[in-house]
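Reviewing the structure listed below.
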Amino acid sequence: MTTREEFEQAQEEALRLLERAQIILTAEETNRIEVTDFGLGDLLSVGIESFTYVNTKLVCAKELVLLPRQTCPEHIHPAPGKEETFRCRWGEVYLYVPGEVAPHPKAVPPQGKEQTYTVWHEIILTPGKQHTVPQGTLHWFQAGANGAVMSEFSSAAYDDLDSWTDGEVSIS
Ligand code: ZN
């Protein structure tokens with residue numbers, strides 16, 4: 001299980017990465033940086049840190065922070081279906097969607113979970129690069145060795161409806 005200390009450390013590390021990306025949050029907002037381990041208890045390997053600017057019935061905008069080599073596991077957003085645009089602000093992100101399989105993917109799936117990563121078309125995002133994941137598309141991503149900061153612009157988020165390839169994933 002991820003301890004409270006580990007969650008707090010991840011929050012602090014996320015703040016440092018956001019500062020490196022020159023993204024300004026107010027002091028009050030920094031306390032609202034969310035950390036999830038997706039219920040797997042392996043936060044440094046599988047997890048994400050995020051700050052939500054806005055999430056209404058129409059749109060959602062967030063900053064996503066990944067610690068070095070941290071992975072957001074494979075998932076799909078069921079109907080009504082969220083469309084997501086990821087723009088890298090700092091570091092490097094390896095994003096995977098259905099399509100031609102990358103012969104030498106940059107990401108390494110979390111140990112013991114390899115079978116829950118099924119889409120291997122690779123998109124490498126570096127600062128200034130962005131990619132839009134259409135509705136109803138399986139996807140997952142991992143940060144490079146230094147971690148990463150990505151902005152996410154999307155239609156409304158209903159995160160509790162998301163469907164994860166790894167049946168052990170849970171978000172609360
Ligand atoms: Zn998604």
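Just by accessible area at a 1.4 angstrom probe, what is the order of Leu161, Leu18 from largest to smallest?
Leu161, Leu18
Leaving out same-chain residues fewer than 8 places away, which aspartates and glutamates sit with a Cα under 18 Å from that of Lys57?
Glu83, Glu84, Glu152, Asp159, Asp160, Asp162
Can you give me the relative contact order of region 71-164 as a percent, contacts being Cα pairs under 8 Å and 6 or more apart? Don't skip to the end; give the middle numbers.
Values: 206 pairs, mean separation 48.3, N = 94.
Relative contact order here is 51 percent.
Measure off, as a whole percent, the carbon and sulfur share of the 1.4 Å-probe accessible area of the chain, all protein chains present.
Its accessible area is 52 percent carbon and sulfur atoms.
Specify which residue in the list His75, Ala27, Tyr53 is farthest towards the positive end of the charge dipole of the chain, using unit charges on the beta carbon of Lys, Arg (+1) and Asp, Glu (-1), about the Cα centre.
Tyr53
Hey, if we sort Met1, Met150 by accessible area with the 1.4 Å probe, largest down, what's the order?
Largest accessible area first, the list is Met1, Met150.
Work out Dmax and Rg for region 104-150 from the C-alpha atoms and quote the Rg first, both in angstrom.
Considering region 104-150 through its Cα atoms, Rg and Dmax are 11.7, 33 Å.
Once Lys and Arg get +1 and Asp and Glu get -1 on their Cβ, which of Pro127, Gly112, Leu161 lies farthest toward the positive end of the dipole of the chain?
Pro127
Who wins for biggest fluctuation among Glu83, Glu19, Glu74 in a Gaussian network model of the chain, springs between alpha carbons below 10 Å?
Glu19
Can you work out the FRET efficiency for the pair Gln115 and Lys57, with r the C-beta to C-beta distance and R0 = 35 Å, to the nearest 0.05?
Result of the calculation: an efficiency of 0.45.
Do you know the relative contact order of the chain, to the nearest whole percent, from alpha carbon pairs under 8 angstrom that are 6+ apart? Could you put the intermediate results ahead of the total?
Numbers: 393 pairs, mean separation 51.7, N = 172.
Relative contact order, the chain: 30 percent.
Explain nothing, just the number: dipole magnitude of region 40-103 about its Cα centre with +1 on each Lys and Arg Cβ and -1 on each Asp and Glu Cβ, in debye rounded to the nearest 20.
240 debye
Pick out which of Ala61, Ala79, Ala107 has the largest mean-square fluctuation in a Gaussian network model of the chain, springs linking Cα atoms closer than 10 Å.
Among Ala61, Ala79, Ala107, the largest mean-square fluctuation in the Gaussian network model of the chain belongs to Ala79.
Please enumerate, by chain and number, the lysines with C-alpha under 25 Å from the C-alpha of Lys129, excluding those fewer than 8 residues away in the same chain.
Lys129 reaches Lys62, Lys82, Lys106.
When all alpha-carbon pairs of the chain are counted, what percent fall beyond 25 Å?
Result: 25 percent of Cα pairs exceed 25 Å.
Pick from Gly99, Gly136, Gly81: which residue has the top mean-square fluctuation in a GNM of the chain where Cα pairs under 10 Å get a spring?
Greatest mean-square fluctuation among the candidates belongs to Gly99.
Helix-only mean residue ellipticity at 222 nm, the chain, DSSP H runs n ≥ 4 weighted -39,500 (n - 2.57), per residue, nearest 500. What is it?
Details: 2 runs with 21 residues, N = 172.
Calculated at 222 nm, the ellipticity per residue is -3500 deg cm²/dmol.
The values are calculated or read from the model by the stated rules, or taken from the named source; none is laboratory data. Being a predicted model, the structure only gives us computed values, none of them experimental. So basically every Cβ, Gly included, is an ideal-geometry build from the backbone, and we count neighbours across all protein chains shown. Side chains are part of the model used for accessible areas, which takes the heavy atoms of the whole protein and leaves out ligands, DNA and RNA. Shrake-Rupley method; radii C 1.70, N 1.55, O 1.52, S 1.80 Å.
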